[in-house]
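The values are calculated or read from the model by the stated rules, or taken from the named source; none is laboratory data. Here the structure is a predicted model, which is why all the values come from computation and not from measurement. Neighbour counts are summed over all protein chains in view; Cβ atoms, including those assigned to glycine, are modelled from backbone coordinates with ideal geometry.
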2 protein chains.
Amino acid sequence: MNKPVQARTLKTRAKLLDAASAVVAEAGYKALRVEEVVSRAGVAKGTFFAHFRDKDALMDQLIGARALDILETISAGPQPRTARDMVHALKPLIDFVTSERYVFDIVLRYSGAAGISDIGPIAQSFERQYLLSLQWVSHPDLPVRDDIPLELVAEGIGAFLIQAISLKFCALHGSVSVEDRLVPYIEAWLR
Amino acid sequence: MNKPVQARTLKTRAKLLDAASAVVAEAGYKALRVEEVVSRAGVAKGTFFAHFRDKDALMDQLIGARALDILETISAGPQPRTARDMVHALKPLIDFVTSERYVFDIVLRYSGAAGISDIGPIAQSFERQYLLSLQWVSHPDLPVRDDIPLELVAEGIGAFLIQAISLKFCALHGSVSVEDRLVPYIEAWLR
DNA sequence: CTCATAAAATGACCGCGGTCAATATTTAAT
DNA sequence: ATTAAATATTGACCGCGGTCATTTTATGAG
């Protein structure tokens with residue numbers, strides 16, 4: 001397992017990530033160009049690809065880190081007592097993932113890692129979301145059906161989350177908010 | 001609304017689609033190169049983009065047409081009487097969508113059309129799958145929960161279908177077949 | 001048939017992600 | 001300090017999707 005050992009490596013990587021974050025802050029994820037990033041970081045293009053397999057791998061880092069951060073904040077919040085509470089608690093995550101169609105595309109593409117060894121931040125955030133849901137539905141304050149394993153209930157929440165977000169980007173169904181669409185799903189699923 | 005009126009236009013379009021199909025048959029969807037397609041079709045590159053907005057639009061046509069075809073065949077089959085029946089009936093569709101990760105990516109990207117005007121074959125196939133599910137759960141032979149609208153039940157089936165397929169491409173969960181994973185979801189959802 | 005106008009086809013060109021052999025820098029052994 | 005092996009950086013180069021001014025071809029009016 002090759003770790004970046006040299007101090008120089010860490011420094012360069014940090015420069016690249018900082019530059020990338022700056023570009024995203026200014027123009028969004030979709031507008032990010034590798035050449036712009038390396039130019040700002042003051043390194044050559046090849047260096048970028050010595051640190052990230054490809055452009056998407058950088059996106060995995062940026063988007064995944066943000067998603068994990070949001071989930072950590074949500075996790076620190078109160079235990080939801082209803083399906084509506086739950087959806088409301090997830091709103092920051094939904095807002096982020098729906099902020100750009102491109103972000104959602106990347107999230108979907110990285111939801112399953114290619115290999116055990118390279119589970120990236122986005123795949124981790126899916127796991128984190130699952131664990132958070134599992135924690136919620138395991139709590140006595142939230143009434144949940146008891147005819148199926150709680151693990152299955154938690155997985156289902158993830159499925160409906162993706163479904164509701166997908167429909168938001170659909171021209172036919174884009175008018176309803178993600179939260180409003182999600183609540184009936186979750187209510188029906190928990191019952 | 002500009003329709004291809006000239007006979008020449010239809011001919012060129014057909015040549016492009018035929019060439020594309022041939023490439024896919026030989027090397028798969030991911031390996032398709034626009035330059036290879038135009039070369040085989042005997043037209044210039046620019047011509048391609050006069051017929052398709054971009055490469056993905058061609059993929060939408062190819063993949064969507066195939067998906068719609070499969071759904072038509074499934075639709076002609078017998079009414080499923082259990083969740084397992086249902087999943088089994090959907091197997092051809094699952095097999096196609098999971099045949100290449102790239103195919104699934106395109107399907108997800110085109111699941112929601114960008115605008116009302118350009119609902120492509122893939123988006124249509126989602127609608128078709130929804131209607132098929134709705135038809136199935138509306139039939140008395142398939143016992144279904146009656147506490148929520150049938151439309152919601154049908155939408156949920158789509159959500160779990162995507163979920164199960166996503167997990168198939170995930171390194172952590174790739175060992176279980178899509179069908180085996182899907183059955184418990186659907187059983188729990190219909191009850 | 002002739003000519004004017006619209007529609008379709010062309011291919012040189014560009015942007016950008018990604019590669020790789022060459023070069024520079026760090027590390028560690030003697 | 002010297003040197004060799006390992007590691008990091010470089011930038012010219014390539015592949016391929018996509019654009020657009022120009023040219024070719026079809027169409028319809030007189």
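Check whether at least one residue in the stretch B:74-95 is hydrophobic (A, V, I, L, M, F, W, C), more than 16 Å from DNA strand C (Cβ to nearest atom), within 14 Å of another protein chain (Cβ to nearest Cβ) and touching a helix residue (DSSP H, G or I) at 6+ places or on another chain (Cβ under 7 Å), and report yes or no. Yes, the stretch B:74-95 contains a residue that is hydrophobic (A, V, I, L, M, F, W, C), more than 16 Å from DNA strand C (Cβ to nearest atom), within 14 Å of another protein chain (Cβ to nearest Cβ) and touching a helix residue (DSSP H, G or I) at 6+ places or on another chain (Cβ under 7 Å).
Looking at the stretch A:119-152, which of its residues are aliphatic (A, V, I, L, M), part of a helix (DSSP H, G or I) and within 17 Å of B:His173 (Cα to Cα)? Steps first, please.
At the first step, the residues of the stretch A:119-152 found to be aliphatic (A, V, I, L, M) are A:119, A:122-123, A:131-132, A:134, A:137, A:142, A:144, A:148, A:150, A:152.
If we keep only those that are part of a helix (DSSP H, G or I) too, we end up with A:122-123, A:131-132, A:134, A:137, A:150, A:152.
A:Ile122, A:Ala123, A:Leu131, A:Leu152, listed by residue number.
Residue selection: A:Pro78 satisfies the criterion of being more than 22 Å from B:Ile186 (Cβ to Cβ) and in a loop (DSSP other than H, G, I, E, B). Look through the stretch B:141-157, keep the residues that are within 21 Å of the chain's Cα centre (by Cα) and surrounded by fewer than 20 Cβ atoms within 10 Å (Cβ to Cβ), and return whichever of them is farthest from the other protein chains (Cβ to nearest Cβ). Filtering first and then ranking leaves B:Glu151. Filtering the stretch B:105-119 to residues that are within 23 Å of B:Leu161 (Cβ to Cβ) and either at pLDDT 85 or above or not aliphatic (A, V, I, L, M) (or both) leaves B:Asp105, B:Ile106, B:Val107, B:Leu108, B:Arg109, B:Tyr110, B:Ser111, B:Gly112, B:Ile119. Of all residues in the stretch A:158-189, those satisfying the criterion of being within 14 Å of B:Ala188 (Cα to Cα), within 10 Å of another protein chain (Cβ to nearest Cβ) and out of contact with any Gly (no Cβ under 8 Å at 6 or more places or on another chain) are A:Ala159, A:Glu187. Close contacts from the stretch B:29-54, counting a first residue that is over 16 Å from B:Tyr102 (Cβ atoms) and a second that is within 8 Å of DNA strand D (Cβ to nearest atom) and not in a helix (DSSP H, G or I), with Cβ to Cβ under 7 Å and a gap of 6+ residues or different chains, come to B:Val38/B:Ala44. Quick check, is A:Ile148 under 30 Å from A:Leu58 (Cβ atoms) and β-branched (Val, Ile, Thr)? No. Checking B:Glu127 against (1) surrounded by fewer than 18 Cβ atoms within 10 Å (Cβ to Cβ); (2) away from chain A (no Cβ under 13 Å); (3) under 30 Å from B:Arg53 (Cβ atoms): exactly one of these is not met. Which one? Result: B:Glu127 passes all but (2).
Does B:Val97 count as hydrophobic (A, V, I, L, M, F, W, C), on the phi < 0 side of the Ramachandran plot and in contact (Cβ under 8 Å) with a residue 40 or more places away in the chain?
Details: hydrophobic (A, V, I, L, M, F, W, C): yes; on the phi < 0 side of the Ramachandran plot: yes; in contact (Cβ under 8 Å) with a residue 40 or more places away in the chain: yes.
So B:Val97 fits the description; yes.
Yes/no matrix, rows are residues, columns are (1) among the β-branched types (Val, Ile, Thr); (2) more than 8 Å from DNA strand C (Cβ to nearest atom):
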| site | (1), (2) |
| --- | --- |
| A:Gln6 | no, no |
| A:Ala14 | no, yes |
| A:Ala22 | no, yes |
| A:Glu26 | no, yes |
| A:Tyr29 | no, yes |
| A:Val43 | yes, yes |
| A:Phe48 | no, no |
| A:Asp56 | no, no |
| A:Leu62 | no, yes |
